[in-house]
Amino acid sequence: MRIDHPLLMPPFPQSVFVTGTGTDVGKTLCSAVLCALWEADYWKPIQTGQVLDCLEILRLTNCTPIHSSTYHLQEPASPHWAAHLEACRIELHTLLEERPFGYSMVVEGAGGPLVPLNDSEDMIDLAKGLGLPLLIVSSTHLGTLHHTLATVQCIRARGGEIAGILLNGPAHGENARQIRDRGKVPILGRVPELYPVDSTSIQELVAGWRRGDWIDPCEEETPRTNSSTTHLSLSQRDSQTIWHPYTQHQMAPVPLEIQSAHGALLHTSENEEIIDACSSWWVTNHGHTHPKIARAISAQSKVMEQVIFAGCTHEPGVQLAEALLPLLPGNMNRLFYSDNGSTAIEVAIKVCVQMARRRGVQHPKVAALEDAYHGDTFGAMAAGARSVFSQPFESLLFEVDRLPTPAGSWDPFSEPAQIAADQALLTAEAWIRSNAGQVACIVIEPLVQGSGGMRMYPRSYLEGLDRLCNQFKIPWIADEVFTGFGRTGGNFACRSIGERPDLNPAAICLSKGLTGGFLPLGATAFREEIYRDFLSEDRKEAFFHGHSFTGNPLGCAAGLAALEILQDPQTSQRLVDLEGWQRQELSTLARESPITGARVLGTIAAFELPSSPDEDPSQKYLANRGQEVAKFCREAGVLVRPLGNTMYVLPPYSIRESQLERVYEAVGEAIEFLG
């Protein structure tokens, strides 16, 4: 039997004042539905911000009569505050005097009924002054019971008339029933999740309601949280479907089942707390689930999640470039987005090689350090030192000249380290002089070679190399994928230190901490003259490189938020504190355990584990002692990821001192237990 929709039964259609249980519950969408259903006029008395809700109503309903807002304020904020910023006051009598009239009028308020108009009057006073019943738009999601029932009580306490509740979102019968019964208020219907949100979707919804094609929200099903119906554990299901990185599955332990994370802690399915002492592969610099970054991603996801970056641009991409480039060392003016650290390196190398070829160099040379690591894609892998990572592919990698590593001593501030760095620089100078004019680029990890064993070296080497490259006009690439965003103490390893000036690489490669560990994003910064070298009237002279997710808006939004956190004075103090704690804890461990090569650079601490008696020292990354220590630490509630027998402690900046103490206690106990 056909049952008329409540919004099409007396007293409807009538003029109503649309309010909500809060911001972002869908008042404008529901107002558009009401306008289409009743063929009503629309009026938003007070508009704040640049986005005009009346234009959204027109987009969604095509021909709704729109009445101009009485107040249009620039700041997207509560009306009273937006008015204060423009040195004006919202007057209730002005709103009432300028009210428009129509047979049926949908008046949309701002926020909820208690949103202030001025220092003495609220939105509900406007509704009462207009003599309109309040139609409350409420989400169907978790938390709606309290918000909706509180809104109902508030309106009644202030003498307002309630027309009913219009739910917005997925079906949830239990929430609808509780609101109806506890609030003693009619449920007028539910606007489902429309996609796409356009006039066609609204017309289809309205047409269905007019035909009687609707379900009472109180009679709808109540969804339950999805859970696995299999009897298998997460790790068992993982073993049937997943191929993990850097893992020999025949020998690997069962992976940790991580259910959630916060700060420096990971929470397992067994309700254990695990301290993330490796920042989840060096990416989570500010800590897990940082609310500022999470909010930025959430807000951006409601506006635009992805758009092709060839021929299009967007606000997050431009804003991130505008914010990041001035913070970088040297004179960086252009940012090329990619997906991760390896692709950031690929971009830099390809740009330099293409420039050299345009100069007429038939076989441009690429140079990099011994023990280097720059990623696992083919170009980045070629730039890295030959190792167990690259061995199966060596015949396919392009030739790279090897410069001796400047990391000659564990302590980068020692005299032996300086001597080694000076000697490495002399060798690099000889190579540069003998190959000048044939070099595409030199790729360098500044201050510390991460995956090569946390090999730290004096800054003087970089300063000397920088002078030589500028003298001979050789582009050098700073791989700050690991070192960037605070890891070495300053924001970037190539940044000025005290009176020592910025370094001036031709390109800087960034990733890992760029988004605070939330989303994959790579970026390669270039000097302006490199960008201009590609400008031409000939299209084939363009740089033909890109990725499907180049400049992803969500990643850029995360990057902007992470950058704001990095520049917060509180973060600067955390970096100082963390370095001090690292030095203190590592010094104690070095006194009490048979470790060697203890070293600290900024927030990075590293040392060498004693080798097993039967261990082959040439194994490096495949050495077993580090894995044994990692296993012990894991059982003690600490996640570490050694590089062979090189152990490092690289936690998020948000780690507490007590948590760092637990990390070193676990490592010390592991070394003592293993002997």
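Any idea how many residues of the range 621-639 are among the hydrophobic types (A, V, I, L, M, F, W, C), within 25 Å of H290 (Cβ to Cβ) and open to solvent by 10 Å² or more (accessible area, probe 1.4 Å)?
Qualifying residue count for the region: 1.
Would you confirm whether or not the range 428-446 contains a residue that is modelled with pLDDT of 95 or more, among the hydrophobic types (A, V, I, L, M, F, W, C) and farther than 25 Å from A356 by Cβ?
Among the residues of the range 428-446, not one is modelled with pLDDT of 95 or more, among the hydrophobic types (A, V, I, L, M, F, W, C) and farther than 25 Å from A356 by Cβ, which makes the answer no.
Condition check ((1) of a type outside the set (F, W, Y); (2) at pLDDT 95 or above; (3) more than 27 Å from I497 (Cβ to Cβ)) across all residues:
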residue	(1), (2), (3)
F549	no, yes, yes
T571	yes, yes, no
Q582	yes, yes, no
E615	yes, no, yes
K620	yes, no, yes
P652	yes, yes, no
R656	yes, yes, yes
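Select from the range 152-176 the residues that are more than 33 Å from the chain's Cα centre (by Cα) and open to solvent by less than 10 Å² (accessible area, probe 1.4 Å) and write down the one among them that is nearest to E121 (Cα to Cα).
Per the criteria, the residue is I155.
List every residue pair whose Cβ atoms lie under 7 Å apart, where the two residues are 6 or more positions apart in sequence or sit on different chains, the first residue falls within the range 345-367 and is within 17 Å of I508 (Cβ to Cβ), and the second residue, located anywhere, is among the hydroxyl-bearing types (S, T, Y) and assigned to a loop (DSSP other than H, G, I, E, B).
The qualifying pairs are E346/T377.
Regarding G379, is this residue closer than 18 Å to A348 by Cβ and in a helix (DSSP H, G or I)?
It is true that G379 is closer than 18 Å to A348 by Cβ and in a helix (DSSP H, G or I).
Condition test on L135, is it under 41 Å from the mean Cα position of the chain (by Cα), in a loop (DSSP other than H, G, I, E, B) and at pLDDT 95 or above?
no
Which residues, taken from the range 447-500, are hydrophobic (A, V, I, L, M, F, W, C), closer than 30 Å to V361 by Cα and open to solvent by less than 20 Å² (accessible area, probe 1.4 Å)?
Within the range 447-500, L462, L465, L468, C469, I474, W476, I477, A478, V481, C494 meet the criteria.
Among (1) open to solvent by less than 40 Å² (accessible area, probe 1.4 Å); (2) farther than 19 Å from L135 by Cα; (3) not aliphatic (A, V, I, L, M), there is one condition E56 misses while meeting the rest; what is its number?
(1)
For the range 644-668, enumerate the residues that are crowded, with 22+ Cβ neighbours inside 10 Å and of a type outside the set (A, V, I, L, M, F, W, C).
N645, P651, P652, Y653, Y664
List pairs: first residue in the range 47-58 and at positive phi, second residue of a type in the set (A, V, I, L, M) and surrounded by fewer than 20 Cβ atoms within 10 Å (Cβ to Cβ) anywhere in the structure, Cβ distance under 9 angstrom, at least six positions apart or on different chains.
Once the first residue is at positive phi and sits in the range 47-58, its partners that are of a type in the set (A, V, I, L, M) and surrounded by fewer than 20 Cβ atoms within 10 Å (Cβ to Cβ) give G49/A77.
For the range 390-408, what are the residues that are open to solvent by 30 Å² or more (accessible area, probe 1.4 Å), part of a loop (DSSP other than H, G, I, E, B) and more than 20 Å from V439 (Cα to Cα)?
G408
State yes or no: is G517 open to solvent by 30 Å² or more (accessible area, probe 1.4 Å), small (G, A, S), touching a helix residue (DSSP H, G or I) at 6+ places or on another chain (Cβ under 7 Å) and closer than 20 Å to L566 by Cα?
Spelling it out, G517 is indeed open to solvent by 30 Å² or more (accessible area, probe 1.4 Å), small (G, A, S), touching a helix residue (DSSP H, G or I) at 6+ places or on another chain (Cβ under 7 Å) and closer than 20 Å to L566 by Cα.
Do we have F607 as modelled with pLDDT of 95 or more, buried (at least 20 other Cβ atoms within 10 Å of the Cβ), aromatic (F, W, Y) and part of a loop (DSSP other than H, G, I, E, B) here?
So F607 fails the test.
The values are calculated or read from the model by the stated rules, or taken from the named source; none is laboratory data. The structure presented is a predicted model; accordingly, all values stated were derived computationally and were not measured. Using ideal geometry, Cβ is built from the backbone for each residue, glycine included, and neighbour counts are taken over all protein chains shown. Accessible surface areas use protein heavy atoms only, side chains included; no ligands, DNA or RNA. Shrake-Rupley method; radii C 1.70, N 1.55, O 1.52, S 1.80 Å.
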